[in-house]
Amino acid sequence: MSKVTDVIKQVAKEENLNIDFSNQHTTLKDLKVDSLAAMNLIMKIEEKLQVTLDDAKLLDIKTLCDLISAFEEKLK
């Protein structure tokens, strides 16, 4: 498991979001993460990882896999 995944799990728990990591291609919408909750989640992940995602990249995040990949790419 990657550092990014660990941070996402930690933030999701803090935000009381029940995110199932068994299928990372599930959309955030299907995980019951609405747009406001998604933005809060992303902002808190950015804070913990001390990075900022580009606005264009934010628009591409639809699935859990997209979320993980966006942060892993930023940390490279």
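The values are calculated or read from the model by the stated rules, or taken from the named source; none is laboratory data. Just so we're clear, the structure is a prediction, and the values are computed from it rather than from any experiment. Glycine gets a Cβ as well: all are built from the backbone with ideal geometry, and neighbour counts include every protein chain shown.
Annotations for the structure displayed:
- Count of segment 9-30 residues which are under 13 Å from LEU67 (Cα atoms), surrounded by 12 or more Cβ atoms within 10 Å (Cβ to Cβ) and not β-branched (Val, Ile, Thr): 6
- Annotation: ALA56 fulfils all but one of (1) farther than 14 Å from LYS3 by Cα; (2) surrounded by 16 or more Cβ atoms within 10 Å (Cβ to Cβ); the unmet one is (2).
- Some residue of segment 36-51 being modelled with pLDDT of 95 or more and among the polar types (S, T, N, Q): yes
- Just one of (1) hydroxyl-bearing (Ser, Thr, Tyr); (2) out of contact with any Lys or Arg (no Cβ under 9 Å at 6 or more places or on another chain); (3) surrounded by fewer than 13 Cβ atoms within 10 Å (Cβ to Cβ) fails for SER35. It is (2).
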